[in-house]
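The values are calculated or read from the model by the stated rules, or taken from the named source; none is laboratory data. Note that the structure is a prediction, hence the values are computed from the model and not measured. Please note: Cβ atoms are built from the backbone with ideal geometry, for glycine as well, and neighbour counts cover all protein chains shown. Ligands, DNA and RNA are stripped out before the accessible areas are found, and what is left, the full protein with its side chains, is counted by its heavy atoms. Shrake-Rupley method; radii C 1.70, N 1.55, O 1.52, S 1.80 Å.
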Amino acid sequence: MLKIHRIHSLVFALLIAATGVLAPQARAQHTDAVYNGYISAYQVPDGSNFYIAKSLTNRADGFWGEGYDIFNLQDAYFQTRKASRYTQIVQLMNDFLGKNGNDWTGDSWDDDLEWIVYGFIRGYQITGNSAYLTAASNNWNAVYNRGWDSTFGGGIWEENSGRDSKCALSNLPFAMEGVELYRSTGDSSYLTKSEAAYAWVRANLYNPTNSNNSLGAPGQVSECVHASGPSVSDNAYNAGLMIEAATALYRATGTASYLADAKLTATHSINKWPIMNVNNVGNSQGDNLYRGLGQLANQNDLWSSYQTYLQNNANAAWNVRRTDYNISHNNFTTQTSSTADVNAQEADDSVVIQSVLPISQSFSGNYEIQNVNSGLALEVTGGSTSNGAAVAQNTYTGATSQLWMFVATTGGYYQIRNVKSGLVMNVKGHSTGSGALIQQYSAQGPQPGNDRWLPAFNVADSTWSFYNLNSTMALDVPGASKSTGVQLEQYFTTNNTNQKFNLISR
């Protein structure tokens, strides 16, 4: 008997028990409870869209704060790829554009613009909406043009009217956003400027050595450089930004020193804040640290180094939450008051720490992967056993070239291995572009990550979608074709049936 694996109903659970067939299963942490509580606490309708209020009692929006909240909520979307969260991310970004347009330079603070740019470049990578890419690119370039000069040996000013300081907060987000703009456009000028901004931080605000020096402990990131010199500090958000920027640059360039920096800062941070215990009232504290560690782990097979730390902090945040909204302040060692007016950005930490953890899943045996739109099965064309052979859709015949196994890697990602050839589903040329074709190829490592896929269960219709680690794009049948022989591609998320699949146990 054929079994299409759907995991959400009790009836199916009983069927599994009766037949002894192990279906794919997914278990999130507490992301749903925290994310849904956060939305309930802070969502303010605004026409067909909405924005996130400043706090539980202050229902106003905020320019940079509204943009900041977007990329924190994007983390919850990336974990599960739920269509409902996709819709909410689009509504948040459209609300921001509707009120603020494409030019955000009326705000003289460069780090303010950069927070918003990060949400919008990631929004483009999710949706393919060119308006998001244009806004991100224009404002990133505006930051560079007005903010970079030779004072203090380079770097970007944090604020432009007074020009008092150049900071980690104005250079590290710029660096990681430039990498994503480079990955999305192929324009190497983004990468060149990103590397320069990172190099400035490393030279002026960072201790990359193995012993203490004037900038603090190994892996410590200080705040800013002023005319009087660097202000030595040690904050989780700066550490997280250093990890994010270094990880992004390593991913783009393969330069080993970037990975070494990310790992050194990660070690320092874990030792400094074993459980986050700094309550940054009214603002975030650890969200960038959690995100950075998750990215470092996903892209470099390092979950064995960081998952316990992240899980311990997720458990701590959950244990001190307000139970009405399941949110907490960002000191995870003390109870969140049930009457406190928790700021939305402070509560972002409790969303992100749940969202960066991988989802536990289980797959067993061989599967036909059947496209929902066409009803056709994925196969290796011609039953080839060679690298580079196309993965296409065709009528199911039972051939082993149409059967696939899911091989766990780390972080909830899988290689999808063809039963006949033993080769895995791969994005040709490790492309990050939409429309790049899918082939089979020998299994590779996390770099470039183009053969690792995140299986996402679509609860509404009990189907599956698959998202590439390297590009973040969805496995897609081009043009929603129903014709046999059509080679698959990767594409921006649409949530349409040509990006949805049934897994049929064979």
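Per-structure values
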item: Gained length - residue 495 relative to residue 130, 0.36 nm times residue gap less alpha-carbon distance; result: 129.6 nm
item: Kirkwood hydrodynamic radius of the stretch 439-480, Cα pairs, Å; result: 11.6 Å
item: Between helix 287-300 and the chain: long-axis angle, C-alpha atoms, 0 to 90°, nearest 10; result: 40 degrees
item: Debye log10 I(q)/I(0) at q = 0.08, 0.10, 0.13 Å⁻¹ for the stretch 252-410, Cα point scatterers; result: -0.41, -0.58, -0.76
item: Distance histogram for the stretch 41-145 (every C-alpha pair counted, 5 angstrom bins, percent rounded to whole numbers); result: 2, 13, 25, 25, 20, 10, 3, 0
item: Hull-based mean projected area of the stretch 343-394, where the convex hull spans the alpha carbons, in square nanometres; result: 7.1 nm²
item: When the stretch 421-506 is reduced to its Cα atoms, the Kirkwood hydrodynamic radius in Å; result: 13.3 Å
item: On Cα atoms only, tilt of 130-147 relative to the major axis of the chain in degrees; result: 30 degrees
item: Surface share of carbon and sulfur [accessible, 1.4 angstrom probe, percent] for the chain; result: 49 percent
item: Trypsin sites (Lys or Arg not before Pro) within the stretch 250-313, DSSP loop, no more than 13 other Cβ atoms inside 10 Å; result: none
item: Where the Cα pairs of the stretch 458-506 fall when distances are cut into 5 Å bins, in %; result: 5, 21, 28, 24, 18, 5
item: Tilt relative to the chain, helix 236-253 - C-alpha long axis, 0 to 90 degrees, to 10; result: 50 degrees
item: Euclidean distance of C-alpha centroids, the stretch 192-212 and the stretch 357-431, integer Å; result: 42 Å
item: Cα-only Debye scattering, the stretch 118-235: base-10 log of I(q)/I(0) at q = 0.21, 0.23 Å⁻¹; result: -1.09, -1.20
item: Helical mean residue ellipticity (222 nm; -39500 (n - 2.57) per DSSP H run of 4+; nearest 500) of the chain; result: -13500 deg cm²/dmol
item: Cross-link pairs 272/428; 99/428; 82/428 - those with Cα-Cα distance over 32 Å; result: 272/428; 99/428
item: Relative frequency of Cα-Cα separations exceeding 16 Å in the stretch 195-255, percent; result: 44 percent
item: Theoretical gain in end-to-end length, residue 146 to residue 395 [0.36 nm per residue, Cα-Cα removed]; result: 83.9 nm
item: The chain, relative contact order [Cα under 8 Å, separation at least 6], %; result: 15 percent
item: List 30, 268, ordered by accessible area with a 1.4 Å probe, largest first; result: 30, 268
item: The stretch 163-185 versus the stretch 213-263: alpha-carbon centroid distance in Å; result: 13 Å
item: Mean projected area in nm² (Cα convex hull; one quarter of hull surface) for the chain; result: 23.2 nm²
item: Relative contact order (%) - the stretch 244-377, alpha-carbon pairs under 8 angstrom, separation at least six; result: 25 percent
item: Net +/- balance of residues flanking residue 329 in space, Cβ distance below 13 Å, scoring K and R +1, D and E -1; result: -3
item: Alpha carbon Rg of the stretch 221-290, scaled by the compact-globule rule 2.2 N^0.38 Å; result: 1.19
item: Built amide H within the under 5 Å cut-off of residue 500, gap 5+; result: 372, 373
item: Along each principal axis, Cα extent of the stretch 343-456, largest first, Å; result: 58, 26, 25
